[in-house]
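S.K.: The structure is given below, and queries will be raised subsequently.
The values are calculated or read from the model by the stated rules, or taken from the named source; none is laboratory data. Fair warning: this is a prediction, and the values are worked out from it, not measured in the lab. Here Cβ is always computed from backbone atoms with ideal geometry, including for glycine, and neighbour counts include all displayed protein chains.
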Amino acid sequence: MVTYIVRRLVTAALILLGASFLVYLLTAASGDPLAEFRASSQPNKQQLMDSRSALLDLDTPAPLRYFKWLGGAAKCLVPFAGSCDLGKNIAGQPITDALGHALVQTLTLVTGAAVLAILVGITLGIITALRQYSTLDYGVTFMAFLFFSLPIFWVAVLLKEFGAIGFNDFLRNPQIPLPLAIGIGVVFGLVAMVVAGGDTKRRVLTGGIVFAVVTAVLIYFSVTQWFKTPGLGPVVIAIAGVGLAFAVTLLTAGLRNRKALQSALIAVCVGVVAYFLIQPLLNQATFLMIVLLAVATVLVGMAIGYLVGGYDRGQSMRAAAITSVLLGFLVLLDRFMQAWPAYFNNGRVRGRPIATIGAGTPNIEGDFWVLGLDSFTHLILPTTALILISLAGYTRFTRASMLEIMNMDYIRTARAKGVSERTVVMRHAFRNALIPVATIVAFDIGGLIGGAVITETVFSVRGMGFLFLDGILHVDPNPVMGVFICVAITAMVFNLIADLAYSALDPRVRVKA
Amino acid sequence: MSQPSQQDEIVAEQASLKQQAAAGIEPVIEAKGLSQGQIVRKRFLGHSGAIVGLIVFAIIFIMAFTAVGYAGIPGWWRYGHEDVSPLVNDGAPTASLWPLAWGEHPFGQDRIGRDLFAMTMRGAQQSITIMLVIGLIAGLIGVVVGALSGYFRGWMEAILMRLTDVIIIVPALLLAAVMAQFAGRRDEGSWFATFASSNGVLALGIFLGLISWVGLARLMRGEFLSLREREFVDAARISGASNARIIFKHILPNAVGVLIVNVTLTMSAAILTETALSYLGVGVKSPDTSLGLLISQNQEAFATRPWLFWFPGLFIVLICLSINFIGDGLRDAFDPRQKKFNAKKARAAGGSPAAEKTPVTAIDGGTVGGNAAGEHRGA
């Protein structure tokens, strides 16, 4: 095992050396860094050219410059010395600083998108595999192919037009005309009809109920101007919480396990009481406090499950803990919604909340909630675009993996010995289907850090991809090399992790020592 | 990849086919003496998504290459992609569905009066050309590298696979930028610069092809690694076949399914890469045009002239979607595990819901499982 890892690391280091040499030469050869001065008619043209030549060390041939750069970069390997030197960019800023800023921007952009895409993609993949060849399966497959074929810059421009400009115009006077409300209700009803399984009667009934509820809610929103002052309130949280408690219990323990259901419902009661208790506390929220509250929520949930007990304590604890976390999320959502009017009327936002560019409103002032909303409104469009295009891969892959597992002999054995369908799916099939998916997820996380060049360009987020593209366009090797090294190292490390994780998760696969 | 006896598997599969002819799983009648090619063709033609994709792609292909002409041959459309004509109806599209009419400028015009239909057709032409060039080059190099490293192993494999590793982590964006830079230097007079500046699109396709073979090479290597251990290769070697003969006559035909499917998928990814590079300004350059470049040039005009944005995007999506469906159909056609399943027949046969979950083959084919996993890595 250790031999294998060491061998992989040594190979990776050699590949990295070769590739970085290649990248340096290519960047240096990709253009003339002095081109903008050559065409200019400024009197101090020669002086500018000289200073840039000195800055970029253009008198030294590119292969030699690479080794100079490598000498500086090698200092980064010394831990805690702080002597890391990746050179400076064309504006004279050290690359290590630029990389730090860009990394933060990129990670805030891509993390949410990646997590959501993985969650939704896996869920859709599992559901479509369980309902193979149903209308739902065909619908999701077609959507997956469609999203797979969408150019992201096209999607991004459409989102800017309809998601930002259109929605902001709507918010100015949030009235939903009756025909539109009914139309949206019909669409949701049809989707619910397709999603709901069972015979025709059940499908029509589900579709009808969803249609009625959605239409009624939209009309209510329109009449009360809900979009100006949104909020959930304790009643909605309680009702949604009970629904969540049933759903979570169904998935984790099965409704037959009454103790688990009880603990989940008790968690909902505690959550609703806590809703009133922590409102004053939430008014002075900081990020740390939210994290601590989240930990406390999980602990309280587990304590409830432990106290209720039952023949399987673990199941009760799991059900209660997951329910409390979801409920806590609802409370948080409600608090963010309470801050919406303050954000909406903020002098910097001026009633057009959904932003099309940047990662935050410049010079905005406000408490934790207003700043959180600000990030949210800036992230929602690029995140949506990224989710749309990366969803398809996860859905298709999970579906294929799940279908293969459902055909395995041990699934038939499980059914034959009388295990309930929920346990077959959640215990036997789902976990095994996730093994190949886990390796893909590891690959993709390794690739995340490279950022999304096109998304960052369209939405003017100054992340890693932007730094890279900017370096190329200005024929500036140092930022290009900085981004490349970060991306390549993470990609290689995560490749290794993916392989090791596969052999850890699936004992049939062994790494060659 | 060590499936002990795939021959047994095939026997088992055929046996199980006869038993499970009911419950909506239509057995492919292999007893009739159809060749491999005939079976694949039959399955592909039975895949409605792939056939629709093929028809859509054929229509776009013919329209793109005949409308504005190609390589000096004039097309049937009255405007070229660079012709400027007076604005009709302020440049709005004149095509309408009811009554069905084509009009003077079916897709509209841009600000200075160029015909968008001609530009879109020219762009589609360029994108399809690049796609085909990339598919051809990537396929060729991928097969050669994969076959050599998978078949000979040893130092050959070590060198070729490390080369693959290096190329796979060098960003395509950088290579395209270097390429664009070379193409821009018309004055330097090297043969490459002359070629690139006169055939910008072809050069871009070749260049992208030279870097997109890596995923394919890894897949082909995997295929060769498993196929070279099979009995028929031993038999060929004992009867005195040369290495080249074994590679091309014995192993390659068995790997052709994986190859074709993945070349198709590489091509559908390539079309998105090309449009993205053109969008970022390092792909196809003005005055020539491509679908990505059209979108990039017109995105500011979305509020005033949305059609400039809709039609090129629509064509990118249509081309890519049809190629993806064709690839899906090919994958099903080449997958020996895949049996055409007809839900209506299953229900008519009174089959229980469990019927569709009945495994068709006893064991999953090692090669095909490897294909599905490896393919995602390639993507």
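S.K.: Can you spot a residue in segment A:342-365 that is of a type in the set (Gly, Ala, Ser), more than 29 Å from A:PHE147 (Cβ to Cβ) and touching an Asp or Glu at 6+ places or on another chain (Cβ under 8 Å)?
M.R.: Checking segment A:342-365: not a single residue is of a type in the set (Gly, Ala, Ser), more than 29 Å from A:PHE147 (Cβ to Cβ) and touching an Asp or Glu at 6+ places or on another chain (Cβ under 8 Å).
S.K.: Of the numbered conditions (1) surrounded by 14 or more Cβ atoms within 10 Å (Cβ to Cβ); (2) modelled with pLDDT of 75 or more; (3) closer than 27 Å to A:ALA442 by Cβ, A:ALA62 satisfies every one except a single condition; which is it?
M.R.: (3)
S.K.: For A:ARG7, are the conditions met, namely being within 14 Å of chain B (Cβ to nearest Cβ) and either within 33 Å of the chain's Cα centre (by Cα) or not acidic (Asp, Glu) (or both)? Write out each step before concluding.
M.R.: Numbers: within 14 Å of chain B (Cβ to nearest Cβ): yes; either within 33 Å of the chain's Cα centre (by Cα) or not acidic (Asp, Glu) (or both): yes.
Yes: the conditions hold for A:ARG7.
S.K.: Please go through segment A:85-134 and pick out each residue that is surrounded by 20 or more Cβ atoms within 10 Å (Cβ to Cβ), within 24 Å of A:ASP374 (Cβ to Cβ) and more than 13 Å from the chain's Cα centre (by Cα).
M.R.: Residues satisfying the conditions are A:ALA98, A:ALA102, A:GLN105.
S.K.: Looking at the structure I just gave you, is A:ASN495 part of a helix (DSSP H, G or I), within 11 Å of chain B (Cβ to nearest Cβ) and in contact (Cβ under 8 Å) with a residue 40 or more places away in the chain?
M.R.: yes
S.K.: Counting residues that are more than 26 Å from B:CYS320 (Cβ to Cβ) and away from chain B (no Cβ under 14 Å), which helices (runs of 4 or more DSSP H) fully inside segment A:134-241 reach at least 2?
M.R.: Answer list for segment A:134-241: A:167-172, A:178-195, A:200-224.
S.K.: Keeping to segment A:374-411, report how many residues are out of contact with any helix residue (DSSP H, G or I) (no Cβ under 7 Å at 6 or more places or on another chain) and buried (at least 23 other Cβ atoms within 10 Å of the Cβ).
M.R.: Going through segment A:374-411 one residue at a time, the tally reaches 1.
S.K.: Could you list, in sequence order, the residues of segment B:142-166 that are within 17 Å of B:VAL263 (Cβ to Cβ) and out of contact with any helix residue (DSSP H, G or I) (no Cβ under 7 Å at 6 or more places or on another chain)?
M.R.: Selection gives B:VAL144 alone.
S.K.: Any residue that is in a helix (DSSP H, G or I), of a type in the set (Val, Ile, Thr) and surrounded by 23 or more Cβ atoms within 10 Å (Cβ to Cβ) - is there at least one of those in segment B:231-243?
M.R.: no
S.K.: Check segment A:254-261 and report whether any residue there is among the hydrophobic types (A, V, I, L, M, F, W, C) and in a helix (DSSP H, G or I).
M.R.: The answer is yes, given that some residue of segment A:254-261 is among the hydrophobic types (A, V, I, L, M, F, W, C) and in a helix (DSSP H, G or I).
Here's the yes/no breakdown for (1) out of contact with any helix residue (DSSP H, G or I) (no Cβ under 8 Å at 6 or more places or on another chain); (2) at pLDDT 90 or above; (3) over 30 Å from A:ALA156 (Cα atoms):
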residue: A:TYR311; (1), (2), (3): no, no, yes
residue: A:THR323; (1), (2), (3): no, yes, yes
residue: A:ASN345; (1), (2), (3): yes, no, no
residue: A:ILE357; (1), (2), (3): yes, no, no
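S.K.: Which number in (1) touching a Gly at 6+ places or on another chain (Cβ under 7 Å); (2) closer than 30 Å to A:THR377 by Cβ; (3) surrounded by fewer than 22 Cβ atoms within 10 Å (Cβ to Cβ) marks the one condition that A:ASP444 misses?
M.R.: If we test A:ASP444 against (1) touching a Gly at 6+ places or on another chain (Cβ under 7 Å); (2) closer than 30 Å to A:THR377 by Cβ; (3) surrounded by fewer than 22 Cβ atoms within 10 Å (Cβ to Cβ), just (1) comes out false.
S.K.: Within segment A:178-199, how many residues turn out to be modelled with pLDDT under 85 and either exposed (fewer than 12 other Cβ atoms within 10 Å of the Cβ) or in contact with a strand residue (DSSP E or B) (Cβ under 6 Å, 6 or more places away or on another chain) (or both)?
M.R.: 2
S.K.: Further, regarding this structure: For segment A:377-434, how many residues are within 24 Å of A:THR108 (Cα to Cα), within 14 Å of chain B (Cβ to nearest Cβ) and of a type in the set (Val, Ile, Thr)?
M.R.: Here the count works out to 2.
S.K.: Pick from segment B:302-325 the residues that are in a helix (DSSP H, G or I) and away from every other protein chain (no Cβ under 11 Å): which of them is surrounded by the fewest Cβ atoms within 10 Å (Cβ to Cβ)?
M.R.: My answer is B:TRP307.
S.K.: Restricting the first residue to segment A:15-28 and requiring it to be within 7 Å of chain B (Cβ to nearest Cβ) and within 16 Å of B:GLN181 (Cβ to Cβ), which pairs with a second residue that is among the small types (Gly, Ala, Ser) and buried (at least 19 other Cβ atoms within 10 Å of the Cβ) meet a Cβ separation below 8 Å and a spacing of at least six or different chains?
M.R.: These pairs meet every condition: A:THR27/A:GLY471.
S.K.: Do you know which residues across segment B:230-289 are among the hydroxyl-bearing types (Ser, Thr, Tyr) and either more than 14 Å from chain A (Cβ to nearest Cβ) or in contact with a strand residue (DSSP E or B) (Cβ under 9 Å, 6 or more places away or on another chain) (or both)?
M.R.: Answer for segment B:230-289, where residues must be among the hydroxyl-bearing types (Ser, Thr, Tyr) and either more than 14 Å from chain A (Cβ to nearest Cβ) or in contact with a strand residue (DSSP E or B) (Cβ under 9 Å, 6 or more places away or on another chain) (or both): B:SER239, B:SER242, B:SER286, B:THR289.
S.K.: Same structure, new question: Tell me which residues, restricted to segment B:146-178, are without any contact (Cβ under 8 Å) to a residue 40 or more places away in the chain and either at the interface with chain A (Cβ under 10 Å from one of its Cβ atoms) or under 18 Å from B:LEU210 (Cβ atoms) (or both).
M.R.: Matches in segment B:146-178: B:LEU148, B:ALA158, B:ILE159, B:ARG162, B:LEU163, B:ASP165, B:VAL166, B:ILE169, B:PRO171, B:LEU174, B:LEU175, B:VAL178.
S.K.: If you scan segment A:471-489, which residues turn out to be at pLDDT 85 or above and more than 11 Å from chain B (Cβ to nearest Cβ)?
M.R.: Passing the criteria: A:ASN478, A:PRO479, A:GLY482, A:CYS486.
S.K.: Checking the structure you have, find out if any residue of segment A:47-69 is out of contact with any Pro (no Cβ under 7 Å at 6 or more places or on another chain) and within 14 Å of another protein chain (Cβ to nearest Cβ).
M.R.: Yes: one or more hits.
S.K.: On to the next question. Looking at segment B:94-106, is at least one residue closer than 30 Å to B:ALA303 by Cα, surrounded by 12 or more Cβ atoms within 10 Å (Cβ to Cβ), at pLDDT 80 or above and among the hydrophobic types (A, V, I, L, M, F, W, C)?
M.R.: No, segment B:94-106 contains no residue that is closer than 30 Å to B:ALA303 by Cα, surrounded by 12 or more Cβ atoms within 10 Å (Cβ to Cβ), at pLDDT 80 or above and among the hydrophobic types (A, V, I, L, M, F, W, C).
S.K.: Can you name the residue in segment A:29-43 that is more than 10 Å from chain B (Cβ to nearest Cβ) and part of a loop (DSSP other than H, G, I, E, B) and is also farthest from B:VAL170 (Cα to Cα) among such residues?
M.R.: Filtering first and then ranking leaves A:PRO43.
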